[in-house]
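Every number here is computed from the coordinates shown, using simple stated rules; none is lab data. Predicted model only: the values in this text are computed from it and were never measured. Counting neighbours? That spans all protein chains shown, and the Cβs are built from the backbone with ideal geometry, glycine included.
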């Protein structure tokens with residue numbers, strides 16, 4: 001009895017999550033897709049390291065951290081561009097994107113130096 | 001019409017306030033620079049102490065050979081025969097900064113020598129650090145607090161002690177980097193801009209380059225983030241302030257060769273990763289909460305908790321197993337000695353023996369931060385009225401730095417900026433209250449007597465506490481007051497944060513006379529602080545320790561023995577000769593005498609230091625054998641018995657015994673003590689009277705005054721007439737402070753029965 005109620009709850013939860021997410025604007029969905037891509041790339045890299053070993057460690061670190069870094073920066077961009085966010089209503093989305101690009105530039109400069 | 005007039009007036013007052021702030025900041029910079037020049041005026045423009053000589057030598061190498069050679073430098077002039085990889089073991093921030101400064105000045109055709117640039121790097125960066133404190137405190141409380149905090153930091157004795165002209169050490173630039181990183185973090189937190197987050201990471205990178213104390217930042221910021229989350233102050237600005245810093249900061253920290261992979265492998269950084277995970281979980285939770293209805297959210301929570309708990313336990317178990325497998329739980333020795341103050345004395349005597357690593361005494365708090373010591377609690381209270389993210393950060397900063405300063409005297413330096421910020425906030429709030437009381441009660445200045453009457457009625461019951469501000473219920477008439485208050489505040493250039501002007505309140509006002517007297521007393525307090533700081537800078541912290549002075553009845557006496565000895569070494573020995581001494585003098589010997597040394601202040605190899613310690617504690621023949629195995633030609637000892645210099649090698653000798661005994665068990669400390677007391681007089685033990693350190697220090701000492709009276713130990717020595725069999729004295733400086741001996745070559749012929757050749 002308990003199990004079916006939790007299963008029903010889980011299904012209802014899943015449905016409501018789906019419907020709520022379908023309501024988000026397309027731009028935000030694109031950013032979410034990018035975040036998903038970055039995180040999955042990081043996971044693939046970790047799996048690869050588990051198979052072949054962690055030498056050279058600096059390449060592994062820079063690869064994983066570049067994926068994680070772009071994911072984090074994309075999330076920050078999403079926060080700033082999201083129209084529902086009251087704190088950032090004065091921030092023009094172009095400015096948010098410019099900051100995003102700048103931060104990515106710095107991140108990838110460091111990555112390329114550290115890649116070895 | 002009236003509105004535009006008031007707008008123009010307020011704009012004019014704004015402009016006037018800004019210009020005034022600018023000039024005050026320029027003056028603060030000049031003050032910070034000049035108060036540190038006492039050492040140059042009283043002594044000379046020389047590099048101080050021990051560690052700065054190493055930094056100076058590295059900077060010389062950098063300016064002569066360029067950055068690539070510096071990065072790949074393997075130094076074979078120290079830690080003979082091991083050598084030292086300079087590129088990988090030095091924090092390059094300071095040397096790169098001074099090198100860049102020198103290069104810029106020389107390319108502008110201002111031919112300053114490297115030594116001059118090194119000597120004056122610290123005062124320049126102190127001025128910049130004072131400006132950074134202004135920026136940081138302005139973000140927390142406002143311009144008035146910022147200016148006060150900057151003025152306090154320019155003069156605080158604790159910071160002066162490590163940044164006088166000539167003290168060319170890591171802290172000179174590291175404190176500036178620390179304050180600037182904190183400023184950028186608070187700025188990102190307040191504005192939520194990714195641009196400042198990038199700058200924050202770059203400033204953190206500069207801090208990692210400069211000082212090992214960067215672990216303080218990478219643990220304090222996660223602690224603050226956790227505090228914000230736990231107290232319900234999570235916001236998306238917090239995420240933007242923290243998450244990019246962790247990723248970019250870890251990457252940038254791994255770029256510095258000294259840190260390398262320690263940035264991801266040691267326990268000092270685990271806190272940042274843990275909080276990174278936590279903030280993502282919290283962010284996701286808030287996001288989902290925003291999307292779902294409350295009932296659905298409850299369902300989601302129960303589901304996630306039940307599933308997530310299992311996964312969490314598994315991950316935590318793996319982590320605990322990993323961490324527990326290393327004997328120090330992944331922490332380095334120095335960090336562990338901070339968390340457990342008794343750790344160093346039990347396990348690592350070298351860390352325990354450094355005088356900077358001892359806990360401070362109570363009077364040193366008043367010596368080093370003076371008046372600020374009791375303004376800090378007032379500042380902490382002021383930070384709670386109202387509590388914002390930034391003010392909770394500075395409260396956390398002061399609390400942690402007070403704890404760490406209690407563990408190690410050297411970390412009083414980290415406490416100094418926090419104390420200045422807190423005191424600046426407290427003083428500024430106090431000034432604001434008193435001047436506002438005066439303004440409201442002088443009928444000629446305010447334009448509305450009705451408002452005054454209303455205020456002075458409520459003011460009669462006030463006490464003379466500094467925090468007399470209370471938030472009260474909104475009143476209709478109170479709406480006029482914020483605008484008038486704003487005008488008056490601009491005139492004073494004391495700005496309250498905009499949060500306060502939104503909360504309309506009726507302020508308590510103190511009586512006029514007590515306000516005036518309190519204002520005068522505060523100014524007097526500041527005067528006492530200034531007098532103390534200037535005295536401390538001039539008398540206590542300006543000594544270069546390589547040149548000593550004493551005042552006697554016939555004037556000033558200068559002891560320049562150290563440089564005399566190093567100059568003798570550099571002129572009278574071969575370039576490749578090895579010099580053995582205790583590790584304190586290693587950096588100075590390589591920098592000034594330009595000779596290879598066995599051990600130096602880097603103290604990275606405990607066994608090598610223990611070897612030298614054992615040699616100093618052994619009888620002559622055994623010591624000769626140890627030194628001969630290390631290719632040593634000359635032995636240098638520092639002896640203060642003739643002039644009363646207390647930091648000589650005989651006073652440090654017990655540490656040599658302890659460190660040597662830690663590695664070579666045949667050296668036992670009780671052998672050198674008579675009834676638990678350390679003596680060198682006639683009651684000393686035979687082991688003590690026969691050891692190398694005793695013999696090298698007191699050889700021919702009886703010829704000075706006939707009685708061999710040691711001025712430091714205040715007693716006549718035990719063994720007065722003896723000859724050296726395996727060493728010969730080659731140089732003793734003018735005041736017998738440095739004595740240099742040469743190893744005698746082994747005899748060609750062994751007298752007596754021919755010994756069997758040893759294999």
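The separation of the stretch A:19-61 from the stretch B:680-698, counted between C-alpha centres, amounts to 69 Å. Rounded to two decimals, the Cα radius of gyration of the stretch B:566-722 over 2.2 N^0.38 Å is 1.03. When the alpha carbon coordinates of the stretch B:558-646 are projected onto the principal axes, the ranges are 36, 31, 27 Å, largest first. Axis of helix B:194-210 versus longest Cα principal axis of chain B: the two differ by about 20°, to the nearest ten degrees. Measuring r between the beta carbons of residue B:564 and residue B:342 and using R0 = 60 Å, the FRET efficiency lands at 0.90. Show me, bin by bin at 10 Å from 0, the whole-percent P(r) of the stretch B:501-579 based on Cα pairs. In whole percents, the pair-distance histogram is 13, 18, 18, 15, 12, 9, 9, 6, 0.
Going from the fewest other Cβ atoms within 10 Å to the most, the residues B:542, B:437, B:293 appear in the order B:293, B:542, B:437. For peptide A:15-28, the mean count of partner chain Cβ atoms within 10 Å of a residue's Cβ comes to 2.
Using the Cβ-Cβ distance between residue B:274 and residue A:101 with R0 set to 41 Å, the FRET efficiency from 1/(1 + (r/R0)^6) comes to roughly 0.85. For the listed peptides B:579-591, B:71-83, a ranking on the average number of other beta carbons within 10 Å per residue, highest first, reads B:579-591, B:71-83. Taking a point 7 angstrom from the Cα of residue B:231 along the C-beta vector, which residues in the stretch B:181-202 have backbone N less than 11 Å away? The answer is none. Between residue B:44 and residue B:539, the FRET efficiency estimated from the beta carbon spacing at R0 = 22 angstrom works out to 0.80. In plain terms, the chain from residue B:82 to residue B:711 could stretch by 222.6 nm, reckoned as 0.36 nm per residue minus the Cα-Cα distance.
The long axis of helix B:480-492 is offset from the longest Cα principal axis of chain B by roughly 30 degrees.
Dividing the convex hull volume of the alpha-carbon atoms in chain B by its residue count gives 230 Å³ per residue. Computed over the protein assembly as shown, the per-residue total of -39500 (n - 2.57) for DSSP H runs of n ≥ 4 gives a 222 nm mean residue ellipticity of -20500 deg cm²/dmol, rounded to 500. You can think of it this way: the chain between residue B:285 and residue B:550 has 88.6 nm of extra reach, that is 0.36 nm per residue less the Cα-Cα gap. Taken residue by residue and averaged, Cβ atoms of other chains lying within 10 Å of the Cβ of A:68-81 number 5. When the inverse distances between all different Cα atoms of the stretch A:5-116 are averaged and flipped, the Kirkwood radius reads 16.4 angstrom.
Divided by 2.2 N^0.38 Å, where N counts the residues, the Cα radius of gyration of the stretch B:114-180 comes to 1.12.
Give the angle, between 0 and 90 degrees and rounded to the nearest 10, that separates the Cα long axis of helix B:214-230 from the longest principal axis of the Cα atoms of chain B. Roughly 30 degrees, rounded to the nearest 10. Rounded, prolate or oblate: pick one for the stretch B:1-124, where a ≥ b ≥ c are the square roots of the eigenvalues of its C-alpha gyration tensor, a/c under 1.5 means rounded, and failing that, prolate if a/b is larger than b/c, else oblate. Since a/c reaches 1.5 and a/b is larger than b/c, the shape of the stretch B:1-124 is classed as prolate. Residues of the stretch A:97-116 falling in the label zone of residue A:59, defined by backbone nitrogen less than 20 Å from a point 7 Å along Cα to beta-carbon, are A:108-116.
Among the residues of B:196-203, the average count of other protein chain beta-carbon atoms within 10 Å of the residue beta-carbon is 3. The equivalent ellipsoid that matches the C-alpha gyration tensor of the protein assembly as shown spans semi-axes of 57, 38, 24 angstrom, in descending order. As an equivalent ellipsoid, the stretch B:570-619 spans semi-axes of 20, 13, 8 angstrom, where each value is the square root of five times an eigenvalue of the C-alpha gyration tensor, largest first.
Let me make sure I get this right: for the stretch B:664-726, a, b and c are the square roots of the gyration tensor eigenvalues over alpha carbons, sorted descending. Under 1.5 in a/c it's rounded, otherwise prolate if a/b > b/c, else oblate. Which is it? The shape class here is oblate.
Take each peptide in B:221-232, B:187-198, B:411-422, count the other Cβ atoms within 10 Å of every residue, and average; sorted highest first, the result is B:411-422, B:187-198, B:221-232. From the Cα gyration tensor of the stretch B:78-134, with a ≥ b ≥ c the square roots of its eigenvalues, which class applies: rounded if a/c is under 1.5, or else prolate if a/b is larger than b/c, or else oblate? The shape class here is oblate. Along the Cα-to-C-beta direction of residue A:90, a point sits 7 Å from the Cα; which residues of the stretch B:181-198 have their amide N less than 13 Å from that point? Of the residues in the stretch B:181-198, B:190-193 have backbone N under 13 Å from the label point off residue A:90. For the stretch B:71-173, the alpha-carbon radius of gyration amounts to 1.37 times the rule-of-thumb value 2.2 N^0.38 Å expected for a compact globular protein.
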